[in-house]
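Student: One structure follows; several queries about it will come next.
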């Protein structure tokens, strides 16, 4: 029964009872010990505590804890303790009950989980960067104590994403942004692949509803053709496996809408040219784990007898599982329609671990197994980052993200010890993974007995011997050749420790000089000094003063006093107008400048306009949006509204970090031209550039600002900058360009 606004109290009560009965029914079908009584008590306690409270959608609040408990139980595979904690997870936060009350009624373990969830109840991210980083540290610390806390939190986030439609647009952008930035990578790292995929799709659906609907429609329209191709491909494989006597299940696994979109964007492909829409998954039954490897390879052999193998795309995750415990054998073969098709081979045990991640390991746990060791190793890395946190909240999040969402390689020491590192890891990353001291003094390495430098990129299977020297000291530029969070964190800590005495010395010099010249120690003076000496921040200014690289001369006080005088009331506006073009007319200032700003209400959709007084927004340089793009606003430190495309990498970070400053926007009246960058590629021939320019300037009437064309052999690449009024004009231009003989692709570059 689904909630309706016109429900009677009796109907609502029946809906709640039915939802709880569904939760219990799923739990009783699981292989966990049947502790029904404590679950029923937790439900009754939560129901009474949340009595009369409703969600934003209008439904009784208790429906949310029931849904979270159901996800934790049936989709992640957790047991009665976690179900009780999920049912009670908002009680301490939203009612007058305390953690002590929970412990008194349900015991220490459930109370500990509820307390862990309460600490991070506001979501990972708060309104201020420093607060959100602290919340994130709390999440990770609690996770390292009991992994079930973050698994229940993942269930909570998944249900919130499923019911996100009732939220205001700016809240949807914030929640979808932080979900894509942190929760989806975290789900991936914990092996919760189904949840990771759904979180990505739901975030994408709320950020780009029209594109999401368009791809979903195209998938539905191509289903019949896709099914026919899969049937032709799978039939011979099934016949062969049946003759081998293997008990198995074979199915087509469709690529998620978000991953299709990412492929279209990164490869600049239309939907029709994304050929790997599905993969074949073979899951076989095997009661003896020692036989799984042999059965996987026998299925591999059967498939390669039938189809041509792609030699570079075989992945053996059985011998060396991924760090999140994932095991499978992947191969890619040529299908009957001439396109490559991936086949994933797993046992039933491997499949459950692949879908439910570390939660499923407990089901198969015999003592301290390999998967648990992998998890503990990863959590040890997380603890290491928490012990040496970044001073900047955004740096902290970026550092963490390096460890969340990366492909892995496996390398060996000369003693045969195995180390799992992110793809792209260098010798220096391994040195810091071995020990901080080794990293600090690393000078080179022998990879497969061949001498290589610090920046050498490692490959899976390499044997690496790290070489050190007592005279070697850590250098700031090392950070550019490292990809692991652990290595970067330890390097920054060492550099800060080495640098801090000089910063302190420089700060003392600066303070004394300001006092001697009767100058205030304020932002205006320090910013002016930073500009004069071309340094990024106060720390860098003090460091260079401490090392003696710069000196505070006698010529500076008069300059600084003039700056202070210019900033007095009455002249502030004139100074600001030199920095930001405020209140200029359209013919005096380019689009993207901002007139005097009215207060922005983040709860309302902001209308983007360019009129006689200029623009009421500022275009960001990172993604260069134009009217017609899906955009969002961000209120910057100066109170101006910056416009970013929704999938701009900078916007992803802003949504995940400064959620309260995100504003939903819509294009309204924009009578202005914007610069768009288009890349055209194709087969070179005489006259093709003339045809392109004629088509753009004469037939379409578009103003070209810059053309950069280069031919290499028979292929040409053309970068074109044009002034357009909206995104539809760009799409029309690309469509016309592709009709010219020889042009293979024409795409907008953000």
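Student: Considering each of 381, 420 in turn, give the residue that is in contact with a helix residue (DSSP H, G or I) (Cβ under 9 Å, 6 or more places away or on another chain), outside any loop (DSSP other than H, G, I, E, B), under 30 Å from residue 449 (Cα atoms) and at pLDDT 65 or above.
Tutor: Just a single option satisfies the conditions, and that option is 420.
Student: Out of all the residues in the stretch 302-316, is one or more surrounded by 13 or more Cβ atoms within 10 Å (Cβ to Cβ), in a helix (DSSP H, G or I) and without any contact (Cβ under 8 Å) to a residue 60 or more places away in the chain?
Tutor: Yes, that holds for at least one residue.
Student: Residue by residue through the stretch 626-641, note down the ones that are touching a residue at least 60 places away in the same chain (Cβ under 8 Å) and buried (at least 18 other Cβ atoms within 10 Å of the Cβ).
Tutor: 626, 627, 629, 632, 640
Student: Among the residues of the stretch 628-639, is any under 19 Å from residue 184 (Cβ atoms), in contact with a helix residue (DSSP H, G or I) (Cβ under 9 Å, 6 or more places away or on another chain) and not in a loop (DSSP other than H, G, I, E, B)?
Tutor: Looking through the stretch 628-639, at least one residue is under 19 Å from residue 184 (Cβ atoms), in contact with a helix residue (DSSP H, G or I) (Cβ under 9 Å, 6 or more places away or on another chain) and not in a loop (DSSP other than H, G, I, E, B).
Student: Here's another thing I want to ask about it. Filter the stretch 423-462 down to the residues that are under 12 Å from residue 409 (Cα atoms) and assigned to a strand (DSSP E or B) and list them by number.
Tutor: 426, 457
Student: Quick one: in the stretch 477-493, which of the residues that are surrounded by fewer than 18 Cβ atoms within 10 Å (Cβ to Cβ) and touching a residue at least 24 places away in the same chain (Cβ under 8 Å) is farthest from residue 430 (Cα to Cα)?
Tutor: In this case the residue turns out to be 493.
Student: Another one. Evaluate the following for residue 520: is it within 27 Å of residue 424 (Cα to Cα) and either without any contact (Cβ under 8 Å) to a residue 24 or more places away in the chain or surrounded by fewer than 16 Cβ atoms within 10 Å (Cβ to Cβ) (or both)?
Tutor: no
Student: Do you know which residues across the stretch 261-285 are touching a strand residue (DSSP E or B) at 6+ places or on another chain (Cβ under 9 Å), without any contact (Cβ under 8 Å) to a residue 60 or more places away in the chain and within 19 Å of residue 193 (Cα to Cα)?
Tutor: Of everything in the stretch 261-285, just one residue is touching a strand residue (DSSP E or B) at 6+ places or on another chain (Cβ under 9 Å), without any contact (Cβ under 8 Å) to a residue 60 or more places away in the chain and within 19 Å of residue 193 (Cα to Cα), namely 277.
Student: Same structure, new question: Residues of the stretch 682-692 being farther than 13 Å from residue 711 by Cα and surrounded by 14 or more Cβ atoms within 10 Å (Cβ to Cβ), which ones?
Tutor: 691, 692
Each row is one residue, and each column tells you yes or no for (1) within 15 Å of the chain's Cα centre (by Cα); (2) in the same structural domain as residue 147 (by TED's automatic domain parsing); (3) modelled with pLDDT of 85 or more.
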residue: 178; (1), (2), (3): yes, no, no
residue: 183; (1), (2), (3): yes, no, no
residue: 186; (1), (2), (3): yes, no, no
residue: 191; (1), (2), (3): no, no, no
residue: 195; (1), (2), (3): yes, no, yes
residue: 198; (1), (2), (3): yes, no, yes
residue: 204; (1), (2), (3): yes, no, yes
residue: 208; (1), (2), (3): no, no, yes
residue: 212; (1), (2), (3): no, no, yes
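Student: Moving on to the next point. If you check every pair at least six apart or on different chains, which have Cβ atoms under 6 Å apart with a residue in the stretch 1-16 that is surrounded by 13 or more Cβ atoms within 10 Å (Cβ to Cβ) first and a residue that is part of a loop (DSSP other than H, G, I, E, B) and at pLDDT below 85 second?
Tutor: Every condition considered, the pairs that remain are 15/1.
Student: While we're on this one: Looking only at the stretch 711-735, count every residue that is more than 35 Å from the chain's Cα centre (by Cα) and either touching a residue at least 40 places away in the same chain (Cβ under 8 Å) or assigned to a helix (DSSP H, G or I) (or both) and tell me the total.
Tutor: Of the residues in the stretch 711-735, 0 are more than 35 Å from the chain's Cα centre (by Cα) and either touching a residue at least 40 places away in the same chain (Cβ under 8 Å) or assigned to a helix (DSSP H, G or I) (or both).
The rows are residues; the columns are (1) surrounded by 20 or more Cβ atoms within 10 Å (Cβ to Cβ); (2) touching a strand residue (DSSP E or B) at 6+ places or on another chain (Cβ under 9 Å).
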position: 666; (1), (2): no, yes
position: 680; (1), (2): yes, yes
position: 694; (1), (2): no, no
position: 729; (1), (2): yes, yes
position: 737; (1), (2): yes, yes
position: 744; (1), (2): no, yes
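Student: List the number of the failed condition for residue 299; all other conditions in (1) outside any loop (DSSP other than H, G, I, E, B); (2) surrounded by fewer than 18 Cβ atoms within 10 Å (Cβ to Cβ) hold.
Tutor: Residue 299 satisfies every listed condition except (2).
Student: Those residues that are under 30 Å from the mean Cα position of the chain (by Cα) and either farther than 13 Å from residue 12 by Cβ or in contact (Cβ under 8 Å) with a residue 40 or more places away in the chain (or both), I need them from the stretch 27-69; list them, please.
Tutor: Passing the criteria: 55, 56, 57, 63, 64, 65, 66, 67, 68, 69.
The values are calculated or read from the model by the stated rules, or taken from the named source; none is laboratory data. Worth saying up front: this structure is predicted, and the values here are computed from it rather than measured. Please note: Cβ atoms are built from the backbone with ideal geometry, for glycine as well, and neighbour counts cover all protein chains shown.
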